[in-house]
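Novice: Encoded as structure tokens, here's the structure I'll be asking about.
The values are calculated or read from the model by the stated rules, or taken from the named source; none is laboratory data. Model, not experiment: these values are computed from the prediction. FYI the Cβ positions are ideal-geometry reconstructions off the backbone, even for glycines, and counts take in every protein chain you see.
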Ligand SMILES: Nc1ncnc2c1ncn2[C@@H]1O[C@H](COP(=O)(O)OP(=O)(O)OP(=O)(O)O)[C@@H](O)[C@H]1O
């Protein structure tokens, strides 16, 4: 599996959101993209998936020019690199299994879609995926009745229905509390390891990138300012990525329970109350 991103740029009017980004991946790695809000992380992922058109540059997947795909070939690519989003993007009033089955929509006829008819084999597959993600018992509930962490796992299940080779996750845990964030990141890591799928996740938090990713790409103002292993991601490097000064604290970008615990005011910790 090879992904080559070369000089990819996106301009919105006079604003350069992504500025000549290049990197190459030659195996199904788990990659974290970090950077402050507005650094261009979402725009980069959306260009890979062709939700946003690039202004310049090229993206090659196994040698094929992704940015040149049209019509059916473009839709086939979009199901090969499934996206999951911060806000889950489920149909709230629809039950969980139907939401998951929507991952097969691009393979089905318009009539079958209109009538909400799904082949039995797909329904079994959907339930199997929900079992794997530990939420099969929620299958008949409406999506809106689930916790955020459960909803994000439903969104991952929907993505897996597409049998994607790459999962692009745009801030998958930014709306979740630390425990649910861990459950969702564990699920993504397992899918990566067990299925050999590439995962590229935009993450706000340094500790998550360090803990889960094989490689981390740091973006600042549209550019790649760091590309290396998690162990190279020192506090000094993080300051550079986030454009912060000496007062920069890792806790400010952390989801982990232990770091959050340290970030609480000492008095609150001693008193055993929430900050
Ligand atoms: N559709 C759009 N039209 C105009 N400008 C946009 C659009 N989408 C993004 N931008 C701009 O592009 C820049 C990069 O935004 P982007 O959302 O990619 O950053 P990000 O790193 O993902 O930030 P966040 O974590 O807040 O989503 C920002 O300056 C943003 O305002």
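Novice: Among what's in the range 4-31 and is within 22 Å of residue 237 (Cα to Cα) and near the ligand (Cβ under 9 Å from one of its atoms), pick the residue that is surrounded by the fewest Cβ atoms within 10 Å (Cβ to Cβ).
Specialist: Taking the candidates together, the pick is 17.
Novice: Moving to a separate point now. Among the residues of the range 153-191, write down those that are under 15 Å from residue 87 (Cα atoms) and in contact with a strand residue (DSSP E or B) (Cβ under 7 Å, 6 or more places away or on another chain).
Specialist: 155, 156, 159, 168, 169, 170, 171, 172
Novice: What number of residues within the range 176-212 are within 19 Å of residue 28 (Cβ to Cβ), under 12 Å from the mean Cα position of the chain (by Cα) and assigned to a loop (DSSP other than H, G, I, E, B)?
Specialist: 0
Novice: Could I ask something else about it? I'd like to know if the range 143-163 contains one or more residues that are within 16 Å of the ligand (Cβ to nearest atom), within 30 Å of residue 7 (Cβ to Cβ) and within 19 Å of the chain's Cα centre (by Cα). Give the steps one after another, and end with the answer.
Specialist: Let us first name the residues in the range 143-163 that are within 16 Å of the ligand (Cβ to nearest atom), namely none.
Checked against the condition, which is being within 16 Å of the ligand (Cβ to nearest atom), within 30 Å of residue 7 (Cβ to Cβ) and within 19 Å of the chain's Cα centre (by Cα), the range 143-163 yields no hits at all.
Novice: Next question, about the same structure. Any residue at all in the range 52-68 that's near the ligand (Cβ under 10 Å from one of its atoms) and either farther than 12 Å from residue 221 by Cα or within 18 Å of the chain's Cα centre (by Cα) (or both)? Write out each step before concluding.
Specialist: Taking the range 52-68 first, the residues near the ligand (Cβ under 10 Å from one of its atoms) are 52.
Imposing the further condition that a residue be either farther than 12 Å from residue 221 by Cα or within 18 Å of the chain's Cα centre (by Cα) (or both) reduces the set to 52.
Yes; the residues of the range 52-68 include at least one that is near the ligand (Cβ under 10 Å from one of its atoms) and either farther than 12 Å from residue 221 by Cα or within 18 Å of the chain's Cα centre (by Cα) (or both).
Novice: Sticking with this structure for a sec: Give me the pairs, please: first residue somewhere in the range 32-49 and at positive phi and near the ligand (Cβ under 9 Å from one of its atoms), second residue anywhere and outside any loop (DSSP other than H, G, I, E, B) and modelled with pLDDT of 95 or more, beta-carbon distance under 7 Å, and either six or more positions apart or on two chains.
Specialist: 35/41; 35/218; 35/219; 35/220; 40/17; 40/18; 40/219
Novice: Which of the residues that make up the range 213-231 are assigned to a loop (DSSP other than H, G, I, E, B) and buried (at least 19 other Cβ atoms within 10 Å of the Cβ)?
Specialist: Passing the criteria: 213, 222.
Novice: Is it fair to say residue 40 is at pLDDT 95 or above and surrounded by fewer than 22 Cβ atoms within 10 Å (Cβ to Cβ)?
Specialist: Details: at pLDDT 95 or above: yes; surrounded by fewer than 22 Cβ atoms within 10 Å (Cβ to Cβ): no.
It is false that residue 40 is at pLDDT 95 or above and surrounded by fewer than 22 Cβ atoms within 10 Å (Cβ to Cβ).
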